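Down below is the structure, laid out as structure tokens.
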Amino acid sequence: MDDGARPVDSRSTARPVDTRSAARPVDGRSVRRGVPGRGERLADWADGRLGVYALAKSQMRKVFPDHWSFMLGEICLYSFLVLILTGVWLTLFFEPSAVDVTYHGSYEPLNGVIMTRAYESTLDISFEVRGGLLIRQIHHWAALVFVTGMLVHMMRVFFTGAFRKPREMNWLFGWTLLMLGIITGLTGYSLPDDLLSGTGLRFAHGAVLSVPIVGTYLDFFLFGGEFPGEGFISRLYPVHVLLLPGIMLGLVVAHLILVFYHKHTQYPGPGRDQRTVVGMPFMPVYMAKAGGFFFLVFGVLTVMGAVASINPVWAFGPYRPDLVTTGAQPDWYLGFSEGLIRVMPGWEISAFGHTLVLGVFIPFALFPLVMLAIGVYPFVEAWVTGDKREHHVLDRPRNAPVRTGLGVGWLTLYVVLLIGGGNDIVATHLHLSINLITWFVRIAVFVAPPLAFFVTKRVCFGLQRRDRDKVLHGRETGTIKRLPSGEYVEIHEPLTQAQLFTLTQHEQSPPYEIGPRVDANGVRRPVRPSQRVRARLARAMFGDHSHIPKVTPDEYREQLTGGEHRH
């Protein structure tokens, strides 16, 4: 019997019909309201498997402070991305082979010259592949900007104290990225096997051989035998394109994750404290600015690669062990390491039939120590202060004179050694004696950093005194007023509450002290040598003579009521 009844699934439930979801014509098209679109369905699918909704809700609206100096880190990131993109393109055409071939290409001056296949493929990329020279030069410029950006970014972090708890690990990640960037740059410009890069590798080869006892083993491990051999290019290639970039990419990701997790630091100002962040949301404001800045960095690097020639390998010719190009210089970030060796006296010690080349080994050992000094500083400062609090508000460099002086002293040492690494270029361009420049660098290595530290510290003191005067007397307006008594005074404009807060919000905690050596019972308290060292460092770095006392509330109120307000 069929009376029109149909089976009903007992699992189904009746739902009211939403007439709003019916199709309605809009501009001649039929639109179904309430029906999820394709993008929404894709987002629902991803959320069911990855939980992207909860992640987006917690992170996409995360507030980031805004300051021009924060762009330094973005320059590093975007330069690294450009390096990866251009590097992948170059790997499609470069052949890491040390097999000898005879060149027959479009660059006439080198026709008929015997060279390695690596050098020949570099020439082919520069002259035969469409756009190859542009990509090569963008890649090289991006490498220089990447290392420069990392160094400047780390100095910004150092001078403002952004390395303090809980960001010590992020500081180590950044320091490791800087070291790996320097090594990656060395392996990168060594791959073309031109006369300049070959001279640099010969320099590295001699430095490794100078290591006592294990130098020969290290050299054979790195170069695959005697240098130059047939396997060193094929060994450098995977290290440059795979191993080091892979490690750096992982560190960059970890670095960004920690930035999100710990929240970004911010400069002092009204409404900003260790718990509150004043800024803009990550989405959509910060993402839009970051995306635009990426294309700006990419565009600038492209213009640099198009108009500024760099590393013209065809001008140097292929590497030959019996030749050294005039004025051979590494990229700037390795210039200070070469400066260490160039200004070092040629000391040697012979014992038991072996020669220890101190003139090479000592500078080679000092290279990582110079870098290590800046890497371990956050932990030294944390140990000296004993401060275990979290810090999310940055210091003004003037309010930490000793730290700022140490940073400037380190940079001064870097620049002095950079001059030593290019002593021949400085001598020829300035028409000076190369021996005079060498002796200047030898003396400046010991004199210039302490002098820079002293001058920087005095400058910070001067800026602190100016801040103190501005808090007490206000800002100078340049307006001169004559009083009834005939006295001329300058009218000062009082600072706003926001300006007063910015100038006085920093802490000036007393330094760590050992305390009395004898307790109340007359028993001498044991004091470890580490405690004595810590107390001396604390007095030197944070004692009364290391800063100008800031204005206290009582001093400010006394100034307001003391008849000095006319100034």
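The values are calculated or read from the model by the stated rules, or taken from the named source; none is laboratory data. What you are looking at is a predicted structure, and each value in this text was computed from that prediction instead of being measured. Here Cβ is always computed from backbone atoms with ideal geometry, including for glycine, and neighbour counts include all displayed protein chains. For the accessible areas, the whole protein counts, side chains as well, though only heavy atoms, and no ligand, DNA or RNA atoms are used. Shrake-Rupley method; radii C 1.70, N 1.55, O 1.52, S 1.80 Å.
With only alpha-carbon atoms in the gyration tensor, what are the semi-axes of the equivalent ellipsoid for region 129-200, in Å, largest first? Could you put the intermediate results ahead of the total?
Working: eigenvalues 199, 37, 17 Å².
Taking √(5λ) for each eigenvalue gives 32, 14, 9 Å, largest first.
Mind checking which helices in the chain clear 20 Å along their axis (Cα) and have mean Kyte-Doolittle hydropathy of 1.0 or more, DSSP H runs only?
71-91, 132-160, 195-209, 244-262, 287-307, 358-385, 401-421
For region 101-228, what is the largest minus smallest coordinate of the Cα atoms on each principal axis, given in angstrom and ordered from greatest to least?
The principal-axis extents, from largest down, are 61, 45, 16 Å.
Considering only C-alpha atoms, what is the centroid distance from region 465-518 to region 220-250, in Å?
What the calculation gives is 59 Å, centre to centre.
Under a point-charge model restricted to the Cβ atoms of Lys and Arg (+1) and Asp and Glu (-1), what is the dipole moment magnitude of region 428-472 relative to its Cα centre, in debye to the nearest 20?
Details: 7 positive and 2 negative charges, 48 e Å.
Charge dipole, region 428-472, about its Cα centre: 220 debye, nearest 20.
State the percent of C-alpha pairs, over all pairs in region 220-313, separated by a distance greater than 20 angstrom.
Result for the distance tail: 69 percent.
For region 380-531, evaluate the Debye formula with one uniform point scatterer on each Cα (no solvent term) and list log10 I(q)/I(0) at q = 0.10, 0.15, 0.20 Å⁻¹, rounded to two decimals.
-0.71, -0.97, -1.22
When the dipole is taken about the Cα centre of region 173-297, and only Lys, Arg (+1) and Asp, Glu (-1) are charged at their Cβ, what size is it in debye, to the nearest 20?
Here the size comes out at about 740 debye.
Using only the alpha carbon atoms of region 361-431, find the Kirkwood hydrodynamic radius as the inverse mean reciprocal pair distance, in angstroms to one decimal.
Kirkwood radius, region 361-431: 15.0 Å.
Using all Cα-Cα distances in region 307-423, what percent lands in each 10 angstrom bin from 0 up to the longest?
10, 27, 26, 21, 11, 4
Quick one: compute the contact order of region 450-567, relative version, from alpha carbon pairs under 8 angstrom and 6+ residues apart, as a percent. Could the numbers behind the result be given before it?
Working: 94 pairs, mean separation 35.2, N = 118.
After rounding, I find 30 percent.
Could you look at the chain and say what percent of its accessible area is carbon and sulfur, using a 1.4 Å probe and all protein chains?
Ligands and nucleic acids excluded, carbon and sulfur give 64 percent.
If you stretched the chain out fully between Leu463 and Met283, how much longer would it get, using 0.36 nm times the residue separation minus the C-alpha to C-alpha distance? Before the final figure, lay out the partial values.
Numbers: separation 180, 0.36 × 180 = 64.80 nm, distance 3.81 nm.
This chain segment gains 61.0 nm when fully extended.
Can you tell which of Leu134, Phe220, His153 lies farthest toward the positive end of the dipole of the chain, using +1 and -1 charges on the Cβ of basic and acidic side chains (Lys, Arg; Asp, Glu)?
His153
Let me check I have the definition right: for region 296-336, take the eigenvalues of the Cα gyration tensor, multiply each by 5, take square roots. What are those semi-axes in whole Å, largest first?
Whole-Å semi-axes of the equivalent ellipsoid: 27, 14, 7.
Packing-wise, with mean Cβ within 10 Å as the measure, how do 114-123, 550-559, 192-201 rank, highest first?
192-201, 114-123, 550-559
When the helices in the chain are scored as -39500 (n - 2.57) per DSSP H run of 4 or longer and the sum is shared across all residues, what 222 nm value do you end up with, to the nearest 500 deg cm²/dmol?
-18500 deg cm²/dmol
As a test of understanding, state the convex hull volume per residue of the chain from its alpha carbons, in Å³.
For the chain, the hull spanned by Cα atoms encloses 401 Å³ per residue.
Would you work out which of Thr428, Pro549, Leu500 lies farthest towards the positive end of the dipole of region 426-567? Charges go on Cβ: Lys and Arg +1, Asp and Glu -1.
Thr428
Whose amide H sits under 5 Å from the amide H of Arg475, counting only residues 5 or more places off or on another chain, with H placed in the peptide plane?
Here Glu493, Leu495 satisfy the definition.
What order do Arg396, Arg41 take when sorted by accessible area (1.4 Å probe), most exposed first?
So the residues, ranked largest to smallest area, are Arg41, Arg396.
Let me spell out the model: positive unit charges on the Cβ of Lys and Arg, negative unit charges on the Cβ of Asp and Glu, origin at the Cα centre of the chain. What dipole size does that give, in debye rounded to 20?
On the way: 55 positive and 46 negative charges, 504 e Å.
Roughly 2420 debye for the chain.
Do any GluC sites (Glu not before Pro) in region 449-528 lie in a loop, going by DSSP, with at most 12 other beta-carbon atoms within 10 Å of their beta carbon, and if so which? Write out the running numbers ahead of the final one.
On the way: sites: Glu476, Glu487, Glu490, Glu507, Glu513; in loops: Glu487, Glu507, Glu513.
Taking region 449-528 and a limit of 12 other Cβ atoms within 10 Å, the loop GluC sites (Glu not before Pro) found are Glu487, Glu507, Glu513.
Whenever you get a sec, line up Leu144, Leu366 from highest to lowest accessible area (probe 1.4 Å, protein heavy atoms).
Leu366, Leu144
Would you mind calculating the gained length between Leu42 and Glu168 on full extension (0.36 nm times residue separation, minus the Cα-Cα distance), in nm to one decimal?
Result: 41.4 nm gained on full extension.
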